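A short worksheet on the structure shown next.
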Amino acid sequence: MSILLKRCAVGAVACAALFFGGCSSSSKTPATDESAAKAPAAPPELVTAKTAFWPMDKAAVTWASDAVPLGLTAKDLTGFKNEGGKAAIWEATFASRSLHAQRVETYAIVTVLPTIHKGATAGLKQPWGGETQDVMAIDPSAFKIDSDAAYQAASEDAAAWLKKNPDKKLTSIVLGNASRFHGPVWALLWGDKKSGYIAYVDANSGKVLKGK
């Protein structure tokens, strides 16, 4: 996340069985120990944006060596409840200037057929016209603040509003970059854009830029 030693041990046992297996004509059935039965697998855990981002980034660079991230978004997955800035599935858009194309990568903690697969999965390539003032490339080196830390900072900023609006739930966590900012920024929205609350958190420093 030693294998060689284990393999050697297994190999030694196998060799011993080959050389000495014929020395005894008796066969014994090993007793089963119910208490040694494997425990049920733990349910998959939600992951932060960074945990999901790097496998997707690796896949994107394999697709195009000059691939750059344009955005990262927490998505909803049936059977899981996103919380604390973590999600069961993340979606990232990468673009290539040399190919004039972009494609969406997803990272999920489970497989939900037919469309969702555990780990990083690439989408179809689509035309890309280049960066705009509202959608600019994200420098991964400036992506220092993970989604859980951004959530904590945004929640503190929105505390007074949330106290007055306890029924409003977090509906969006997005990492993006635009000309009005000086680098990648987290945007966290409670409620909707019309009557909700949005907090922007600098993805490099963790500072809340503004809320409304």
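The values are calculated or read from the model by the stated rules, or taken from the named source; none is laboratory data. Not measured: the values here are computed from a predicted model. Reconstructed Cβ throughout: ideal geometry from the backbone, glycine too, with neighbour counts over all protein chains shown. Heavy atoms of the whole protein, side chains included, go into the accessibility calculation; ligands, DNA and RNA do not. Shrake-Rupley method; radii C 1.70, N 1.55, O 1.52, S 1.80 Å.
Could you go through region 146-156 and let me know if any residue there is in a loop (DSSP other than H, G, I, E, B), at pLDDT 95 or above and over 19 Å from the mean Cα position of the chain (by Cα). Spell out the reasoning first.
Our first condition is that a residue be in a loop (DSSP other than H, G, I, E, B); within region 146-156, this holds for 146.
Filter once more, so that each one left must be at pLDDT 95 or above: 146.
Keeping just the survivors that are over 19 Å from the mean Cα position of the chain (by Cα) gives none.
Checking region 146-156: not a single residue is in a loop (DSSP other than H, G, I, E, B), at pLDDT 95 or above and over 19 Å from the mean Cα position of the chain (by Cα).
Does Ser172 satisfy the condition of being closer than 29 Å to Ala108 by Cβ and among the hydroxyl-bearing types (Ser, Thr, Tyr)?
Values: closer than 29 Å to Ala108 by Cβ: yes; among the hydroxyl-bearing types (Ser, Thr, Tyr): yes.
When the stated conditions are applied, Ser172 passes them.
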**Item:** Residue in region 174-184 that is within 20 Å of Ala52 (Cβ to Cβ), of a type in the set (A, V, I, L, M), in a strand (DSSP E or B) and open to solvent by less than 30 Å² (accessible area, probe 1.4 Å) present
**Value:** yes
**Message:** Name the residue that is farthest from Pro44 (Cα to Cα), counting only residues in region 105-125 that are open to solvent by 80 Å² or more (accessible area, probe 1.4 Å) and outside any loop (DSSP other than H, G, I, E, B).
**Reply:** Lys125
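In this structure, is Glu91 within 28 Å of Ser205 (Cα to Cα) and open to solvent by less than 30 Å² (accessible area, probe 1.4 Å)? Even if it seems obvious, please write down each step before you answer.
Numbers: within 28 Å of Ser205 (Cα to Cα): yes; open to solvent by less than 30 Å² (accessible area, probe 1.4 Å): no.
The answer is no for Glu91.
I'm checking my understanding of the structure. Among residues of region 75-88 that are at pLDDT 95 or above and assigned to a loop (DSSP other than H, G, I, E, B), which one is surrounded by the fewest Cβ atoms within 10 Å (Cβ to Cβ)?
Only one residue tops the list, namely Lys81.
Which of the residues spanning region 33-74 are in a strand (DSSP E or B) and within 13 Å of Thr93 (Cα to Cα)?
Keep residues of region 33-74 that are in a strand (DSSP E or B), which gives 47, 68-74.
Answer for region 33-74, where residues must be in a strand (DSSP E or B) and within 13 Å of Thr93 (Cα to Cα): Val68, Pro69, Leu70, Gly71, Leu72, Thr73, Ala74.
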**Asked** Hey, among Asp57, Asp146, Asp139, which residue is among the charged types (D, E, K, R) and open to solvent by 60 Å² or more (accessible area, probe 1.4 Å)?
**Response** Asp139
